[in-house]
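*Asks:* Below: one structure in structure tokens.
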Amino acid sequence: MLDGVVAINERGSFGHDMNILILTSIHGRDPISQAGVASQLRMRPEIRIVEKSEQADVAVVVADRIDEHSTRELRILRNNAKLRLLLVATVVDDAALVAAAEVGVVGLLRREDASPDQLVRTIVRVASGDGAVPADLLGRLLEQVGRLQRQVLTPRGLTFAGLTPREAEVLRLVADGHSTSEIACTMCYSERTVKNVLHDLVTRLQLRNRTHAVAYALREGLI
């Protein structure tokens, strides 16, 4: 934990070698705020500021709050799978926490806490594959996640993986090379039920076919 920030470990390529330059782009609707963040980072040896059009390791998004504009910008940035997102926001309420997680933010700082040192430490952690969220916000996020699971997903038979237990099992059997009839026999379903499960899954996740569904589930670690 650094200055009240909880680091959520993942595997990354940067480690914590401060000799490696982290290519960082800065985004936001407010040019004054962007300039302020850039001035804090420009002289730091760990960071190299790059233009928005250039390839970056970390994108720092500066916003007053997570509104429609900032969410849209984060989603656009998230299209670059290699880019790690760090959000610096003035107002962070419970809805904003969930929205930030949904659009792929892995680092979060309140603007009032974003001193030059804290900002650089968080960028380094985010670039190295870790997640970084203030401890009190992490607790609130987990509470919101639990409430969403209990009140919205569980009544519909879903989990945060986006799959029902039945869908996950069908996909595991497809991945193992079983035919529809073999899956039906293994799970004590009719072949029609198995086909319906796969059809509903492919349609809901906007996938092309069962092969695409298996590839998606494997890539996302769902099975």
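The numbers here are math on the coordinates, done by the rules we state, and not lab data. Note that this is a predicted model, so its numbers are computed, not measured. Heads up, the Cβs are rebuilt from the backbone with ideal geometry, glycines too, and the neighbour counts pull from every protein chain shown.
*Asks:* Which whole-number percent is the relative contact order of the stretch 157-219 (Cα, under 8 Å, 6+ apart)?
*Replies:* 30
*Asks:* What net charge is computed for the residues neighbouring S179, neighbours being all others with C-beta under 12 Å from the C-beta of S179, Lys and Arg scored +1, Asp and Glu -1?
*Replies:* Result for the neighbourhood of S179: -1.
*Asks:* Excluding C188 itself, what net charge comes from residues whose Cβ is under 13 Å from its Cβ, given Lys and Arg +1 and Asp and Glu -1?
*Replies:* Local charge sum for C188: -2.
*Asks:* Next question. Ranking E182, E46, E167 by Cβ neighbours within 10 Å, fewest first, what do you get?
*Replies:* Exposure proxy ranking, most exposed first: E182, E46, E167.
*Asks:* Test of understanding: ordering S128, S115 by Cβ neighbours within 10 Å, fewest first, what list do you get?
*Replies:* Ascending Cβ contact count within 10 Å gives the list S115, S128.
*Asks:* Apply the Karplus parameterisation 6.51 cos²θ - 1.76 cosθ + 1.60, with θ equal to phi minus 60°, to every residue of the stretch 104-116 and state each ³J(HN,Hα) to the nearest whole Hz, in sequence, with x for glycine and proline.
*Replies:* Ordered by residue, 3J(HN,Hα) equals x, 5, 10, x, 9, 9, 6, 4, 5, 9, 7, 5, x Hz.
*Asks:* Please arrange L198, L108, L205 by how many other C-beta atoms lie within 10 Å of their C-beta, fewest to most.
*Replies:* Listed from fewest to most nearby Cβ atoms, that is L205, L198, L108.
*Asks:* Loop only by DSSP, 12 or fewer other Cβ within 10 Å of the Cβ. Give me the trypsin sites (Lys or Arg not before Pro) in the stretch 74-136 that pass, ordered by residue number.
*Replies:* K82
*Asks:* Which one of P134, I76, L108 has its Cα pushed farthest toward the positive end of the charge dipole of the stretch 44-141, where Lys and Arg give +1 and Asp and Glu give -1 at the Cβ?
*Replies:* Checked the options; the winner is I76.
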